[in-house]
1. State the Kirkwood hydrodynamic radius of the chain in Å, one decimal place, computed from all pairs of distinct Cα atoms.
2. Using only helices, what value at 222 nm comes out for the chain when you add -39,500 (n - 2.57) per DSSP H run of length 4 or more and divide by the total residues, to the nearest 500 deg cm²/dmol?
3. Excluding G55 itself, calculate the net charge of residues whose Cβ lies under 14 Å from the Cβ of G55, where each Lys or Arg counts +1 and each Asp or Glu counts -1.
4. I need the shape label for the stretch 4-48. Rule: rounded when a/c is under 1.5, else prolate if a/b > b/c, else oblate, with a, b, c from the alpha carbon gyration tensor.
5. List the relative contact order of the chain as a percent without decimals, with contacts defined as Cα pairs under 8 Å and 6+ residues apart.
6. How high is the FRET efficiency from L77 to L47, r the C-beta distance, R0 22 Å, rounded to 0.05?
Amino acid sequence: MEVRPRGIDKGAALRALMEQPPFAGRTPLVCGDDLTDEFAFEAAAALGGAAILVGEVARPSVAAYAAPDPAAMRAWLAELAAAD
């Protein structure tokens, strides 16, 4: 269950977040697994970022990348963090 104000979706939330320090001027990377994440995927792309669809999802997606499952997503994030 997700609770949100009327007229707000994950894309609007991402856009608002990206205007605030410390996110302002940075590039968004969004990962998600459900249909409501598509709004955030679209916003990330519009803001010059990228999106990763997580899981075996049989539907079209705006996400440019995919991870087969949450474990693969966590492993990739751990590799990314270790490379910093």
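The numbers here are math on the coordinates, done by the rules we state, and not lab data. Remember, it's a predicted structure, so these values are computed and weren't measured experimentally. All Cβ positions, even for glycine, are placed from backbone atoms using ideal geometry, and neighbour counts span all protein chains on display.
1. It is 13.6 Å.
2. When only DSSP H runs of four or more count, the value is -11000 deg cm²/dmol.
3. -4
4. oblate
5. Here the relative contact order equals 22 percent.
6. The pair L77/L47 has a calculated efficiency of 0.65.
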